[in-house]
Structure formats: C-alpha cells, structure tokens
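Bear in mind that the values in this text are calculations on the coordinates, not laboratory data. Model, not experiment: these values are computed from the prediction. Counting neighbours? That spans all protein chains shown, and the Cβs are built from the backbone with ideal geometry, glycine included.
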Amino acid sequence: MRNIKLLKAGESTDWQFELANAITSVDELLYELGLEHIKNKPVRNSDFSLRVPRSFVNKMQKGDADDPLLMQVLPAASENALSGLTDPVGDLNAMATPGLLHKYKGRVLLVTTGACAIHCRYCFRRHFPYSSSNPRKNEWQRAIEYLRTHDDVHEVILSGGDPLVLDNKKLERLCTALEQIPHIQWLRIHTRLPVVLPSRIDNGLITLLQKLRFRITLVIHANHANELMRDELEALQRLAATGITLLNQSVLLKGVNDSAASLISLSKRLYQAGVLPYYLHMLDPVQGAMHFDVPRNRAIEIQNTLKQELPGFLVPRLVKEMPGEASKTAIFTI
C-alpha cells in the first residue's frame, strides 16, 4: 500500500486532511491507547506499514491490548512467519490489463489505486505489486478499451486499495468513462472508508453517485460491531437514503470476531445502518496473516449458531475464495 502525502489544514477537505494525518507510528498508537508497556511487543519495522485514521483509533478501548479493532491494525511478531502465500487468491493470473482482473463471468474488477485509509494486517493484497500492476493515469484507456470489446461484461467492481481514496473528481472521470460503455449495467464499489473514515461520505460523493446511470451496489467491510458508532451509522444511512444497495463483507478473524455473539451484534448493527450482511470470508491464506486463521470446524459451528439466532436475511454466507474457481466457494461442511 502506498503512503499518502501529509497535508496541512486548509489544503484539503476534512476527510483528506484526516486521511493524510493518520497514525503511522506504532509508538504513537500505543501511546494514544495507554499501552506503552504492552508485554507482547509489536513489530516496528514491518514491510507492511501501520496506517490507521485517528477516528478509528478513537473507537478502541484504551488500556485494552486485546481490543478487537486494535488487533486488526497493530503489527504482530507472528507476521514474520513464512507460512501462507503472497498471491492467495490468484489475482496476478487473472490480470487482463494493468489493474483489470477478469476472474468471473460477466464482471471485472478494477484495482483503482494502491492506497488505503487503513492497513488491515490480514489484507489479502498486502503483497500485491501495485507499482507495476496498477494503471497509471494514461493507462486507464487500456482497461476501458478491454471493456468496450467484451460485451459479455455487465458489472464493473471498483476495488484497490480503496477506490474511495480517490477524490470526487478522479472518481467521476473514471465513472464517466465507464458510463460510455453501453453494456455495463451495474457498478459495485468495495470500500472500507464509510467504516474507518466516515467523513469521506460527503455531499460531493453523494451527488456523484446519485447522478450515475448505473445500478450501484456499495460493499463495505466491517468485522466488529464496535467499528460502527454514531458517525459511521450516519454515513451509511446517508448512502442508504440514495437507494444504493448496501452490503457488508467480513473476514472471520481469530481474536477479533471468532464468536457467534460478536457476529450477531455486528449483523444487528449493520441492519440498523441499512446494510445487509453479505459474506463472511474464511481467511485468505496470505503470508503474514496466518495467525488470524480460524479452523473450518469452528467457522461452521459459529455459522450454525448465527442461523439459529438471526433471521435469514441477517446471516452472511460463509465462503472461501479458491483461485481458479468460477465463484466464491460456500462452506457448509467440515
């Protein structure tokens, strides 16, 4: 993930200022949380750097080294283990042009940027070669031309990094180019920003999304109910009021949300915000994140409890991504 240039107050919008001034120092993060003397020392010189917005840190419980939000962002010594893969979901084999992945029938994914507002320690693209695989400004045309010549593609998925790190002008230019391709009917945006940087959901973004001709689905990424407080709920409710379909995908993470009680609370909080649970992902086997892995039998046990305790529309599908498969693989049995 690329670092983002530090901005001064007055040089950007509020969300850009907050994004540029995210915490990137382990020592500063621990100080803010009163955890300077934490026993299990985190990694300070990781190849995958720390980045977390201060608004996300404010939702963490001070003094709690096991806080489920902190666990998602704090580099751990266990990341040095060599188990796992650097391309766990087969992204590189699916790249049709720089930044365009064509894995599944009828839809493609555009890696719009390598930047994220937050660096999640379990990220399946933490080793992705953004510098060589992400289209530069003058290379978007190759992706657009590919889409023009593939009339079997009806949906474009904007991903990254995080596509909402792009400012409204850049996002509008890309979406306008996509609108000129008549067979593209649906636009899907995968983003964590409404959860980690709710100020990003500004009037300009709402206006842009409302005027697009596409049927839009916005897939957020929340793993724990504590990620969704007042500001996040308000941002999501604003999006829901536009008629955009809002879905959530989570990753099942050891020590973060590997209990039925945690995921039940999350589903209820999501519904309060107008978001439906969509996927509960088994961890992608990415190198540096295998300490988050939850055994399949435990995952199925949790899923069965969710089915018993929640109405069906609030139960996310338990899935795993298998490279080369035609779709996500649903997990039903051990």
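A few points about this structure:
- Remark: for residue pairs Lys62/Lys328; Lys62/Lys103; Lys103/Lys254; Lys59/Lys254, the C-alpha separation exceeds 31 Å in Lys62/Lys328; Lys62/Lys103.
- Cβ crowding within 10 Å averaged over residues, with 213-220, 20-27 ranked highest first: 213-220, 20-27
- In order through the stretch 26-34: 3J(HN,Hα) via Karplus (6.51 cos²θ - 1.76 cosθ + 1.60), integer Hz, x for Gly, Pro: 4, 4, 5, 4, 5, 5, 4, 9, x
- Measuring how big the chain is from its alpha-carbon positions, Rg and Dmax come out at 19.3, 58 Å.
- Residues of the stretch 241-278 falling in the label zone of Asp64, defined by backbone nitrogen less than 15 Å from a point 7 Å along Cα to beta-carbon, are 255-259, 261-263, 265-266.
- Label zone at Trp186, where the point sits 7 Å out along the Cα-to-Cβ direction: the stretch 265-289 residues whose backbone N lies under 16 Å: 276-279
- Taking a sphere under 11 Å around the Cβ of Ile220 and counting the other residues whose Cβ falls inside, with K and R at +1 and D and E at -1, yields a net charge of -2.
- Computed over the stretch 14-78, the ratio Rg/Rh where both radii use C-alpha atoms and Rh is Kirkwood: 0.95
- Excluding same-chain neighbours fewer than eight residues apart, the aspartates and glutamates reachable from Lys268 by a Cα-Cα span under 15 Å are Glu227, Glu232, Glu309.
- Set of aspartates and glutamates near Lys307 by C-alpha distance (under 18 Å), chain-local residues within fewer than 8 positions excluded: Asp258
- Each residue of the stretch 102-119 was assigned a 3J(HN,Hα) from its phi angle through the Karplus expression (A = 6.51, B = -1.76, C = 1.60, θ = phi - 60°), giving 10, 9, 10, 4, x, 8, 10, 10, 9, 7, 6, 6, x, 8, 10, 6, 9, 9 Hz with x at Gly and Pro.
- Model label points for Ser83 and Met229, set 7 angstrom from Cα along the Cα-to-Cβ axis, are 3.5 nm apart.
- Extension gain, Asp167 back to Ala241 (0.36 nm per residue minus Cα-Cα distance, nm): 24.5 nm
- Working note: 222 nm ellipticity from helices only, DSSP H runs with n ≥ 4, each -39,500 (n - 2.57), summed and divided by the residues of the chain, gives -8500 deg cm²/dmol to the nearest 500.
- The H on the amide N of Leu276, modeled in the peptide plane, is under 5 Å from the matching H of Leu246, Leu247, Asn248, each at least 5 residues off or on a different chain.
- Label-point separation in nm, Met95 to Asp151, each point 7 Å along Cα→Cβ: 3.0
- Extension gain (nm, one decimal) between Ser49 and Lys328, 0.36 nm per residue minus Cα-Cα: 97.5 nm
- Bridge orientation summary for the chain: considering DSSP beta bridges with both residues in this region, about 25 percent are antiparallel.
- Dimensionless Rg/Rh of the stretch 57-136 - Kirkwood Rh, Rg from C-alpha atoms: 1.06
- In order along the stretch 58-69, the Karplus-derived 3J(HN,Hα) couplings, from 6.51 cos²θ - 1.76 cosθ + 1.60 at θ = phi - 60°, round to 5, 8, 7, 7, 4, x, 9, 5, 9, 4, x, 7 Hz, and Gly and Pro are given as x.
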